[in-house]
1. What size of dipole, in debye to the nearest 20, comes out for chain B about its Cα centre when the only charges are +1 on Lys and Arg C-beta atoms and -1 on Asp and Glu C-beta atoms?
2. Considering amide H positions built from the backbone, and no H for Pro or chain starts, which residues 5 or more places from B:Phe167, or on another chain, come under 5 Å of its amide H?
3. Under the definition of Cα pairs under 8 Å and six or more residues apart, what whole-number percent is the relative contact order of the range B:176-315?
4. Where does chain B land at 222 nm, in deg cm²/dmol rounded to the nearest 500, when only DSSP H runs of n ≥ 4 count, each adding -39500 (n - 2.57), divided by all residues?
5. List the residues whose amide H sits under 5 Å from the amide H of A:Ala90, counting only those 5 or more places along or on another chain, with H placed 1.01 Å from N in the peptide plane.
6. Can you give the FRET efficiency to the nearest 0.05 for A:Ala22 and A:Glu221, using r as the Cβ-Cβ distance and R₀ = 25 Å?
7. B:Ala125 versus B:Asp157, label points 7 Å from Cα toward the beta carbon: distance in nm?
8. Can you tell which of B:Phe256, B:Trp208, B:Ala151 lies farthest toward the positive end of the dipole of the protein assembly as shown, using +1 and -1 charges on the Cβ of basic and acidic side chains (Lys, Arg; Asp, Glu)?
There are 2 protein chains.
Amino acid sequence: MTNKSTARAHTNIALIKYWGKANQELIIPTNDSLSLTLDQFYTDTTVEFDANLNGDQLVLNNQLITGKMATKTSAFLDLIRNMASIDTPAKITSINHVPTAAGLASSASAFAALAAAGSDAAGLALSRTELSRLARRGSGSATRSIFGGFAEWIAGDSDANSYAQPFQENVTMDIQMLTVVVDATEKKIGSRAGMQHALSTSPFFKTWVTESAKDLVTIKEAIKRADFATIGEIAENNALQMHAINLSAKPGFTYFNGATIQLLNIVQELRQQGIPAYATMDAGPNVKIISQSTDTETISNAIKSVFPTVTLEVAKPGPGISFLN
Amino acid sequence: MTNKSTARAHTNIALIKYWGKANQELIIPTNDSLSLTLDQFYTDTTVEFDANLNGDQLVLNNQLITGKMATKTSAFLDLIRNMASIDTPAKITSINHVPTAAGLASSASAFAALAAAGSDAAGLALSRTELSRLARRGSGSATRSIFGGFAEWIAGDSDANSYAQPFQENVTMDIQMLTVVVDATEKKIGSRAGMQHALSTSPFFKTWVTESAKDLVTIKEAIKRADFATIGEIAENNALQMHAINLSAKPGFTYFNGATIQLLNIVQELRQQGIPAYATMDAGPNVKIISQSTDTETISNAIKSVFPTVTLEVAKPGPGISFLN
């Protein structure tokens, strides 16, 4: 068996959000979700099992990492070691092309790449479905990053039946995410803590689950007919409802900052001018503008007029997992 | 009969919010609400019926007003003229000691004062319950401004049974609203339009109504035992849920701006330091901090460290309607 493998996984942004776990240990979500994998943000990870190591060694962006993130990575590799019946330590080398922990889903590409490289290095020949189940154990959103384009995570109710599947892997319609990074610092409330607090205390949570199920049906139909405006409307509304859930928790909290609200206003004004632009936000203040390539300049100019120095990145539909061996 | 009367009404801030009308024409709300009338913000209004006038004349803050506000005032006076079986035009002179239309409930004191002065000038000797019903027709929140201290608006289901009543008019506990005016400009989405959009389109609205009913029971018990922390917790949570409802509407919207979120964070940090401070927000970005007089300086300093030039006003429980004749 080869004991070394390198995989690339792209991050994904959910159009129908994953927000709430029915099973915290196994990361079984309360609802199905749907995402778009992006070409611009990805993680390259090499896993090499080496019996000569004293223990696992994590090098992220050329820095040796210890502490919580290293512990979590080792715990994830233990899942792979258990599957492969080995107990060899590993060196994990990862380059992350996503701003860490600022609501840009860096953990999605990180755990998808780790699942792929780790399982391959351990000699496991996992199917994409099996990879999706495995990636899920590291981070819920990683479940979907195994696949390219539009991917759907079927919540299921057990480890065996909770995984993503491609909904439309080759996206031919004009759709992109214009990412506005207004804040690349670590978020104060992690998504794991945030969603569980919302689930446990928001009186609106149950309705959120049933609404998301309806949104999923509608957006899938809209994707099939390449109906950009409906995709955007549903996605923006679903995202705002997720954030409404947080505000309605006890105590309430928000990932928004002032720039988030200014950007929501800009997006709304663009729509009033006839530019189809829709916002989605995850567990951080940054706004991803669901838009079309023909409107990139107009949207960028509108943003730059308010935030002259902000970083804008345009991401198109990206591919699923790949090996760089 | 006297044909001239001057009344003073104080504004009130709801601890359990009024947000949604079951009957738009009669302003029958979807849920009961509870407020604290404030001593610092009030409106003095003189109504003089004068057969020599060509039509109603509205002078607000020494300025002759025409347009929408004048039309609305005349329509309200028509209710009084109908009750009194007169058709005499009136001169209305009003001085508003509340920043207009920035979520500080200026319409509450305005219509409460207008109801009192107008009905008295028309020779109607209305009870406070009748005044409350009348004020309601001008602006929902005005219903409660007839009474001092903690007032409860019983939603009812008709013009006859939808009115406020005192819950605790003489407030002896230490409770105040520290108002932070970060923006005194007119709000973009009026409360009337905002609440109806939320009611019509938010999937969480029904739950909001049932949650508010529970909050009301809890806060009334807390007021009875002068349990400041519980009053604050319930009020902040109720307010955030109202704003969550707006975010979850289709399309979603918010009255928050960046300063609102910064102030919510300051309030949360103060609580972590052991200072009992709670936030409430209405149809505007301004934050009212429910607090105790002993903490005024600490809270003010915390705010001034982030907003050095902001206007702070401390309001204590205020009285109900009074006549200045």
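Where a number appears in this text, it was derived from the coordinates with a stated rule and is not lab data. For clarity, every value in this text was computed on a predicted model and none was experimentally measured. Don't worry about glycine lacking a Cβ; one is built from the backbone with ideal geometry, like all the others, and counts go over all protein chains shown.
1. Numbers: 26 positive and 29 negative charges, 100 e Å.
Value, rounded to 20: 480 debye.
2. So B:Phe167 has HN proximity to B:Phe150, B:Ala151, B:Glu152.
3. The value is 40 percent.
4. Roughly -12000 deg cm²/dmol at 222 nm, from the helical runs in chain B.
5. Distant-sequence amide H within range of A:Ala90: A:Asp50, A:Asp56, A:Gln57.
6. 0.45
7. Label at B:Ala125, label at B:Asp157, 3.5 nm between them.
8. Of the candidates, B:Trp208 comes out farthest on the positive side.
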